[in-house]
Each structure stands twice: as structure tokens, then as C-alpha cells.
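The values are calculated or read from the model by the stated rules, or taken from the named source; none is laboratory data. Remember, predicted model here, so these are calculated numbers, not experimental data. Methodologically, a virtual Cβ is constructed for each residue, glycine included, from the backbone with ideal geometry; neighbour enumeration extends over all protein chains shown. Calculation scope for accessible area: heavy atoms of the full protein, side chains included, ligands and nucleic acids excluded. Shrake-Rupley method; radii C 1.70, N 1.55, O 1.52, S 1.80 Å.
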Amino acid sequence: MTLSVCYPSAIDINMNRLLLTLTTAWLCITATHAIPLDSDTISRRPTIALVLSGGGARGAAHVGVIRLIEEMQIPIDYVVGTSMGAIIGALYSIGYTAEEMDSLLLIQDWKTLLSNELPRQQQPYAERMTRKSYQVNIPYEKGVLTDNSSLYRDAGIKVRRSSLQAFPKILARPGLIDGLNLMDKFNELTSHYPDSISYDTLPHAFACVAADLITGHEVVLRQGRLAESMRASMAIPGVFYPIYKEGQVLVDGGVVNNYPVNVAHDMGADIVIGVEVNSSQINPRELHSFASIFERLIGTLGSDLHERNVDNTDILIRPQVKQFPVMGFDTINLRQLIDIGYMTAMQSKGQLEELSKHVSDIEQSKRTNRSPMSHSRRREEPMTDNIAHAPTGHLSIGLRLDSEDAAAALLRINTKVAKSPNVSLGINTRISIHPWAATSITYAKGKGMQTRFSVAYAYDHIISKREDAFGYHFFGSNLCLSHLLPYNVDLRLGVRHDSYWTRYQHYTSYTHRQTYTTMYALWRNDLFDSAYTPTRGYAYNVEIGYHLRGKSTQGSNFMALQGDFYTVIPLGRSTALLPSIHARSLYGENIPLTYSNAIGGYLAGRHLRQQTPFAGLTGCELMKEHLTIVYLGLRQKICPDIYLTAITNYAYNTDSLSNLQSGQGLWGIGLQLSYDTTLGPISICGHWNDRYHHLGAYFSFGYEF
């Protein structure tokens, strides 16, 4: 291939310079702020940098600005960002379009990404059930030595630590959130750039800024693993774990340079388009929360450099987004922020048009616009190895209000036993008008294999509309072997010993004692993507138990079989069908009431272990030996996090499977409005059943337990 160069004549050069001079003069008159171009820049296509500031969720406005830049076909040579600006900038640098980033922001499960939890479908069954009950989950490390020979796993990276001290539980953690979920997501989105590379080789040359806690200086990241650099640039001190790399402790670049225009100029940019989402105008009345004070503190650390960077910006775009919370990653906020970014960029359209006239169409046509969306590798199977997410202990707290129990609190403490890393001790208790407490010791060996022994106490008082009211004290012990199968299926084999001291309404003392030893097998799983408002997945439960009565217990031995299946069927983007079926059969004679089939309320196992929810009834209704319940819900998403669900369910119970016609049926219907908040769903439900023919209502706030 031969490259030929044609040299223009002196007349052509003079004419071109004259035209450029006249054009530039005209633009200077018509534009609100002319772009400074020196004589060297005028004679060639200027290099353009896009600089994106940090700002948490407010950084979603960057996507709206990029959308207009794409519409105007302005080629970007360099992309520089800090924190959220680094995340958006990195994705744009490797070829994601504004439309694709718009979708990515809105479909993410931000509650999971900004937490220490694995995505729900990847959690072991027991962990999923535990997490759905607690608002506060605080992991801690105890006795983890950090000498020179040990490895500390952080954000998917193993690094050496030099301290000889042990971690004193919670306060010794380098942050509240380990950032593994974000790291996994960044790896997924940048999967076609998995290796250490120079960011100058990306479709748009890229750089991001982090801060080194050792030196206190900014660190400009222009090479390495792209996902790691994104993670380092947004590691808010004290909130996210830092990135430990080559003797540096890297945290959020906003600490030193939240708007890195100087980095763009150092890379060789002639013109800078800057997007700054943090307002410098602060009202003292706004500094009334930890988040606002922390945000302002970060903003003051590099204020002098920030002002110089603002002055050195050629086209400054400042979306007015200070009314949005920094951590407001909900769908409504993100949608509005993206739109505000676009509308604010439109106000600078005149300046952007001026710039586009200096851009060569040939240079733009050489750009690679291939989107990486089709190359992203997603996990096909849930992971069962949870080592990085398994600290040595947890402190969990749950709170709940409802119209049946009034207020209830749930507390769980789980910790490793000293010098026995495979042994853990757990203490659980519920404080309410129906309290219970349990303690357990667990031995774990290998992946997913556990042996657990537990003892428990519970008290409850049941008012049944068809039976005499009764109350009971329960004492029990349980020894079980559990094994975690592929896809996180929970298989359990065990032996329980139950002792009930029962008092019926006719008696003043506990005259009935029932003791049973139960051998049981349990097979269950829950693959819903959300505990309360799933959009895909299913759950099932199969249990068989044989109950042997104690010597002093009246009645006989009996067997119980139970099966449940739940799923969700999407009918559109905001509508879903929620079908389920429950069946339980008892085989034996003189079965105690405490083991009878029971339905009622909206919480499984509220009064009795085997109680099944039933819309239309409150309290606890005892049923016959063979029970089947069919449930169908139609859920409509009214707006983000607010749902309206129409419910119908039918229960059929009979004494004998050989004579089904002798059974009885019960219909129940309900209409539930719920709001999914960070502290748990708020639900109000009105219901009716055809047995008592009266309307009822139920209110709840918090998670289920």
C-alpha cells in the first residue's frame, strides 16, 4: 500500500486560512462561549476529551450527555472519569452506547450490587431464607491474623498484608461493603477486556482517578485490569473495601480529584467537554445528614484543584441534580437523572455544534462502534462456592410490625468457635407476644456438607374459630445432616424430638404433654430472583416425616407428607401471574392438634410449624388430615417498588382420600397493595372468605419471620 501526500499551493493555504478565520469569527459572535483554538489546532482536527465527575447515583446524568454527543456525532478521543464517572466512562470507552448504558443502569439489582450479598439465586438455601428476615446484616471477622504469610482476599484480589495484629471483629473491616458483587459485574461488562492492557488501546483512550491512602496523592490509572481500575476509582473510604495493589491502598478518586480535567490535558486533549454533577453551591441547611456532610467533606479536600479544572473546561455541562440522593439508585431517580443530563446538554448544543464543525467526518468513520453487549459472558449456573462472602460471623437484626402480632424483633448471632474454623455457634431469638429462642452448633466439612444440632423453645396461643382455643409451650431438639446439591438445592436428613405442654381453654393448667420423635427427609430450593417481588424463578419444598409417640403420649404413630411449588409467570414488563400449590397429608389416628393441618394469615408457620398462609383468614384455622391449597395471584407494578396484587385461593380438606366427596372446600380472596422499601415491604390487604362471610384487613411492615 502506497501513501501519497498532496501539498496545497500557497493560494489554497491562504484561502483555507481566510475561510477558517471568517468561520471562527462568526462562531465567536453566535456562540455563548467560543472554544479557544490556537493556530496549530485550527490546522488539524482537534483532540477532544470527555471528563465525567464523580457523584454516586447522580452520575447517571452522564449517560444523558453522552446520548446527545452521539446524536451530534462528535468523536471523543479521550475519556477521563472519577468514581461513577469512571464507571460510565469506562463502559463508553470500550464501545457501550448511551442507549445500552441507559438499559444497564435501569435493570441492575442495585440493592445486591451495593451489598455484601451474593445475588439471591446464587445463595445457599439457608442463607436465602435467613436474609429475607433481617433488615440489618453485619458480617465480622474474628481472629484472622494478617501476618506476612497470610493472604487477605479483597474485591476478588488476593494481596499480602504486613500487620501482625488480628482483626477485632466489625470495626477492623476496611469497609462496610466488600465490593465483590460490583467487581463481578464489572468483570462481566468488560469480559472482552479481561487482561491487563493499556487503556490507550481502547476505542476511546481512557483514564480514571483513584486516591492512594499511603501517600495522599491522586493515582491516574491508564493501564491494568479495567474492571479493577473501575472498582478502585469508586471505593468510597469506609464504605467500600479499598483496592490493595503494588504497595498502594486505592480509594475513591473524589477524595483528591473529583473532576479530573487536568488529567485530560495531560493526555493531550485540545478541547474538554466536562460533565460536573456535584454543585459547588451549598446551603448550610442542607448539611443535616451523614451523607450530605460526608459528601461535602469529600468536596472540600480538592477544592482548589476543582476550581482550576472548572476554569480549564471548554464546554462545561452542569446538570442540576443536587436534590437527588448520592445513593439513590432506584429506577425513578435514575430515569430522571438520565433525562436531566440530556436536557442540560441541550442547553450547550450551540457550543457542541461549533465543535462539530471542526471535526473531520473521515476520522469519525474510522471509529469502531461495535457494541460489547453481545460479548458479555454471563453465569449460566449458580455458584456454590461462597468462600469470599463467608466471614467468620454475622450479627443480624430484624424488625416487623403487623396487625396480628403488633411488634416483633428478631436477633441472630452466628460466630465461629475459637480454634475450630469448621465449627460455628448460632443464637436466634424472636421477641414478641409469640416468642421463641433457639441455639445451635454446626460442623461444616467440605463444600455444602453440614451437621447441626439445635435446641429450641417457643410459646404460642392459638384462637381457632372451629376448635377450642389452646396454648402451648414447646421444647425441642434437632439433629440433622444437610448437603448442598448443585443449583443450591438443600437436602436434609434428620431426627427431631418435640415436647409440647398444651393447655386448652377449658383448663387452667398444662395437663396435656405430647412428646414425639420424628425422622424426616427434606428436599427444597428457592430460585426466585427476589424474596418478595420476584420477576422470574421458582421454589419448591418436599418433606416426609415419620412421627413416633413417646411412652406417656396418647395417640399413635403417624406419617406426614408435604409438598409445595411456587412460580412466577411474566405477562409483560409490569404484570405477572403468581401460581402455587400446597398439599399435606397425615396418615394415622388421634393426631394431636399441634401436628394438625392448619391454614390462615399471611405468614407461613406463624402459630404452628406446618401452618400455611391463606388469604381470607386471619389467625389459625385447623383442618382435616388431607389438605390441598391452590393459590393464584395477579400482580401489577403500578410504579417502581409499588405493586397491586389480586389474590384468590381455594383450600380443600378431607378425612379420607378414598372418599373425596366427604371433604369441604373454602374460598378466599384478597386485594393487596405493597410498597417495597429498603427496610422491607409495607403491605395493606383486604380479604374475604366464603365460610364466615365477612371482610377483614391485614397490615404489615418489615420482613417475614
Query raised in the report: Could you list, in sequence order, the residues of region 311-324 that are open to solvent by 20 Å² or more (accessible area, probe 1.4 Å) and at pLDDT 85 or above?
Result: Asp311, Asn312, Leu316, Arg318, Gln320, Gln323
**Report entry** Filtered residue count, region 218-229, keeping only those that are open to solvent by 50 Å² or more (accessible area, probe 1.4 Å) and either in contact with a helix residue (DSSP H, G or I) (Cβ under 8 Å, 6 or more places away or on another chain) or closer than 10 Å to Leu250 by Cα (or both)
**Finding:** 4
Query - Scan of region 674-705 for residues that are buried (at least 19 other Cβ atoms within 10 Å of the Cβ), closer than 15 Å to Ala646 by Cβ and among the small types (Gly, Ala, Ser), ordered by number - result: Ser674, Ser683
Report summary line: In the set Ser196, Ser229, Ser191, the lone residue that is touching a Cys at 6+ places or on another chain (Cβ under 6 Å) and within 29 Å of Glu117 (Cα to Cα) is Ser229
Requested in this report: Kindly list, by first and then second residue, each pair from a residue in region 684-696 that is farther than 15 Å from Leu673 by Cα and assigned to a strand (DSSP E or B) to a residue that is of a type in the set (A, V, I, L, M) and modelled with pLDDT of 95 or more, limited to pairs with Cβ atoms under 6 Å and residues at least 6 apart or on different chains.
Outcome: Trp688/Ile669
Report summary line: Restricting region 394-426 to residues that are among the aliphatic types (A, V, I, L, M) and more than 26 Å from the chain's Cα centre (by Cα), the one nearest to Asn137 (Cα to Cα) turns out to be Leu425
Query raised in the report: Looking at this structure, is Ser198 among the hydroxyl-bearing types (Ser, Thr, Tyr) and either open to solvent by 30 Å² or more (accessible area, probe 1.4 Å) or modelled with pLDDT of 90 or more (or both)?
Result: yes
**Report entry** Hits in region 607-623 (condition: open to solvent by 10 Å² or more (accessible area, probe 1.4 Å), modelled with pLDDT of 90 or more and over 18 Å from Ala560 (Cα atoms))
**Finding:** His607, Pro613
Query - Residue in region 591-630 that is nearest to the chain's Cα centre (by Cα), counting only those that are part of a strand (DSSP E or B) and among the small types (Gly, Ala, Ser) - result: Gly601
Requested in this report: Return the total of residues in region 180-202 being touching a residue at least 24 places away in the same chain (Cβ under 8 Å) and farther than 20 Å from Asp109 by Cα.
Outcome: 9
Query raised in the report: Among the residues of region 459-471, is any modelled with pLDDT of 90 or more and either in contact with a Lys or Arg (Cβ under 7 Å, 6 or more places away or on another chain) or open to solvent by 30 Å² or more (accessible area, probe 1.4 Å) (or both)?
Result: yes
Query - Tabulated pairs, region 432-455, first open to solvent by 70 Å² or more (accessible area, probe 1.4 Å), second of a type in the set (Lys, Arg), C-beta under 6 angstrom, 6+ apart or interchain - result: Trp436/Arg430
Query raised in the report: Out of all the residues in region 579-593, which are touching an Asp or Glu at 6+ places or on another chain (Cβ under 6 Å) and more than 30 Å from Thr645 (Cα to Cα)?
Result: Leu586
Query raised in the report: Within the set of pairs 6+ apart or on separate chains, which have a first residue in region 203-230 that is under 22 Å from Thr97 (Cα atoms), a second that is surrounded by fewer than 16 Cβ atoms within 10 Å (Cβ to Cβ) and not charged (D, E, K, R), and C-beta atoms under 6 Å apart?
Result: Pro203/Thr368; Arg225/Ser196
Requested in this report: Answer yes if at least one residue in region 476-488 is within 33 Å of the chain's Cα centre (by Cα), open to solvent by 50 Å² or more (accessible area, probe 1.4 Å) and modelled with pLDDT of 85 or more, and no otherwise.
Outcome: yes
Query raised in the report: Just for region 388-437: of the residues that are farther than 22 Å from Arg606 by Cβ and charged (D, E, K, R), which one is modelled with the lowest pLDDT?
Result: Lys419
Report task. Among what's in region 342-352 and is in contact with a strand residue (DSSP E or B) (Cβ under 7 Å, 6 or more places away or on another chain) and of a type outside the set (Val, Ile, Thr), pick the residue that is nearest to Cys639 (Cα to Cα). Result -> Ala345
Report task. Kindly indicate whether any position in region 70-79 is within 18 Å of Leu334 (Cα to Cα), open to solvent by less than 10 Å² (accessible area, probe 1.4 Å) and of a type outside the set (Ser, Thr, Tyr). Result -> no
